[in-house]
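Here's the structure we're looking at; comments come further down.
The values are calculated or read from the model by the stated rules, or taken from the named source; none is laboratory data. These numbers come from a predicted model, not from an experiment. A quick note on method: Cβ atoms are made from the backbone with ideal geometry, for glycine too, and the neighbour counts reach across all protein chains shown. Remember, those area values only see protein heavy atoms, side chains included, never the ligands or the DNA or RNA. Shrake-Rupley method; radii C 1.70, N 1.55, O 1.52, S 1.80 Å.
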Amino acid sequence: MRRPVARRLQVALAAAATAVGTTVGVVLAIPDASAATGGVTGYATQNGGTTGGAGGQTVKATSGTAIHAALCNRASSSTPIIIQVEGTINHGNTTKVSGSSCNTAADKIELKEISNVTIIGVGNGAVFDQLGIHIRDSSNIIIQNVTVRNVKKSGSPTSNGGDAIGMESTVRNVWVDHVSLEASGGESAGYDGLFDLKDDVQYVTLSYSTLKNSGRGGLIGSSESDRGNSYITFHHNLYQNIDSRTPLLRGGIAHIYNNYYVQLNESGINSRAGARARIDNNYFKSSKDVIGTFYTSEAGYWQVNGNIFDAVTWSSPGTDNNPAGPNPTSNTSVSIPYSFALDSASCVPSVVTATAGANKGLQVSNGSCTPTSPTAGPTTPGPTTPGPTTPGPTTPGPTQGGTNLSIGAGSDGSSKADGTSYGDVRDGNMSTYWSPSGTTGSISIKWGSATAVSRINIREASGSTGVIRNWRVLNADTGTVLASGTGAGVITFSRTSMKKVTFEITSATGTPKVAEFETYA
């Protein structure tokens, strides 16, 4: 098996900080902020969307133990929560916390078997020092504006298998945005990947982030047989002084656009084992073999559009190497289901340098090469009660998605399958659900007085995503059809005041399982 060229990486560390004109050692204070969930982009917008902890309580944490306690003190493992983090989080202030709504560990920030969580750095910034963030068997997670550095799998201390951020085992809908992921060497120095996804991870976006000084940028799929990971977007990220895996793709589909790659020492985007990557308007500089299939005979594929190759070198093809260059051309076609605005590749170095990473004010590009503050955030929340044990609720504004009006409401519907309940769709718990007695049926949310609703979110239970096909949304007071379409998820319609709203399933590929029927004004 191929090994990173550790010496080459270590020699490059000293020069890496200035390769893109960044300033070392400057920390910009940012206001307390809640995640700009309206700004989620890429594949994380699909499969019902990614809202994190929108609509939940906001708590402040200055230690890893406090983060875990905030998770464990929720009413359930799916109760929405926004955790604002400030300061340095490390092994010394991170312990395991127990509770019915969490499953934590002492040697990492553990987001396991949970949903509807936002972790965002605030104030003078949040640094996870030698402590990785692990997401397992979870969904609807946002991580924003934090630094994760020097996480090791060997040596001391160790954390998270050496991954700065790692996801595994049935993970859905994660948005990682404006984070700084850093190592100080390759595998021989004890480090692994900065951003690793494996064992059934889907609908993830990594945006406006920096990945630096590592042997391995990240992988999608842990082996040639782990091909169930898919629908991943990488955009406006800086990869700097990385040996390989920017990323490594094994199976699945990825969309890679407007990223800035500087000093990829051995290889870059490695599409293999049937993977299909769409690669749009990226800028590759002073790097080697930036696109292709490497270190395997199992081919992957790519569609290339509008990229710039600046001082890029290419190796000769071989049995286990198929570089796309020196004149990259497409060998597949990938259709993208969401809208996106492409910056010109020529301005990618400047716009990514200005916006990517933590403590950049959550600035984004407006599609015309100009950094701008996102219209969806950051916003300043209302007062919070310090400490995870007595979190103070905030009143979320519209940029946070609003309050889920289904919590505390009533519900009914057509005949239900054995062992299910109408109330399971309004309990904030993704592990319970309602099913009709067949493949079609209806479920309703109702209130004692007329309530204004303009958006609903139909969230299918784990393992049943995509079963619901055709549907209608009805004003049950009048029978008026408010919306119709295909596939569950977020549904918007004209703001309507009513006592009862009905989601009617008119066709499905199997027995539908509706875990949550969320309603918003």
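Overview of results
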read-out	value
Options Ala341, Ala358; residue that is in contact (Cβ under 8 Å) with a residue 24 or more places away in the chain, within 22 Å of Ile242 (Cα to Cα), aliphatic (A, V, I, L, M) and in contact with a Gly (Cβ under 8 Å, 6 or more places away or on another chain)	Ala358
Residue check for Ser497: part of a strand (DSSP E or B), over 27 Å from Thr118 (Cα atoms) and either modelled with pLDDT of 90 or more or not charged (D, E, K, R) (or both)	yes
Of all residues in the stretch 303-337 being touching a residue at least 40 places away in the same chain (Cβ under 8 Å) and within 18 Å of Asn258 (Cα to Cα), the one that is most open to solvent (accessible area, probe 1.4 Å)	Pro337
Single condition Ile82 does not satisfy, out of (1) of a type in the set (A, V, I, L, M); (2) more than 21 Å from Val151 (Cβ to Cβ); (3) touching a His at 6+ places or on another chain (Cβ under 9 Å)	(3)
Residue list for the stretch 424-450, filter: touching a Phe, Trp or Tyr at 6+ places or on another chain (Cβ under 8 Å) and either within 20 Å of Asn116 (Cα to Cα) or of a type in the set (Phe, Trp, Tyr) (or both)	Asp424, Val425, Arg426, Trp434
Residue check for Ala69: more than 20 Å from the chain's Cα centre (by Cα) and crowded, with 20+ Cβ neighbours inside 10 Å	yes
Residue selected from the stretch 251-262 under the condition touching a Gly at 6+ places or on another chain (Cβ under 8 Å) and either in contact (Cβ under 8 Å) with a residue 40 or more places away in the chain or in a loop (DSSP other than H, G, I, E, B) (or both), by the criterion surrounded by the fewest Cβ atoms within 10 Å (Cβ to Cβ)	Gly251
Residue pairs meeting the criteria (Cβ under 8 Å; at least 6 apart or on separate chains; first outside any loop (DSSP other than H, G, I, E, B), in the stretch 481-492; second buried (at least 17 other Cβ atoms within 10 Å of the Cβ) and among the hydroxyl-bearing types (Ser, Thr, Tyr))	Leu482/Thr496
Lone unmet requirement of (1) under 31 Å from the mean Cα position of the chain (by Cα); (2) open to solvent by 30 Å² or more (accessible area, probe 1.4 Å); (3) not charged (D, E, K, R) for Trp447	(1)
Extreme residue, nearest to Val490 (Cα to Cα), among residues of the stretch 42-66 that are open to solvent by less than 40 Å² (accessible area, probe 1.4 Å) and within 12 Å of the chain's Cα centre (by Cα)	Gly49
Top-ranked residue of the stretch 279-302 - restricted to ones that are open to solvent by less than 10 Å² (accessible area, probe 1.4 Å) and among the charged types (D, E, K, R), ranked as farthest from Pro328 (Cα to Cα)	Asp280
Residue check, Ile505 surrounded by 15 or more Cβ atoms within 10 Å (Cβ to Cβ) and within 21 Å of Thr45 (Cα to Cα)	no
Qualifying residue in the stretch 217-235 (condition: more than 18 Å from Phe294 (Cβ to Cβ), buried (at least 24 other Cβ atoms within 10 Å of the Cβ), of a type in the set (S, T, N, Q) and touching a residue at least 24 places away in the same chain (Cβ under 8 Å))	yes
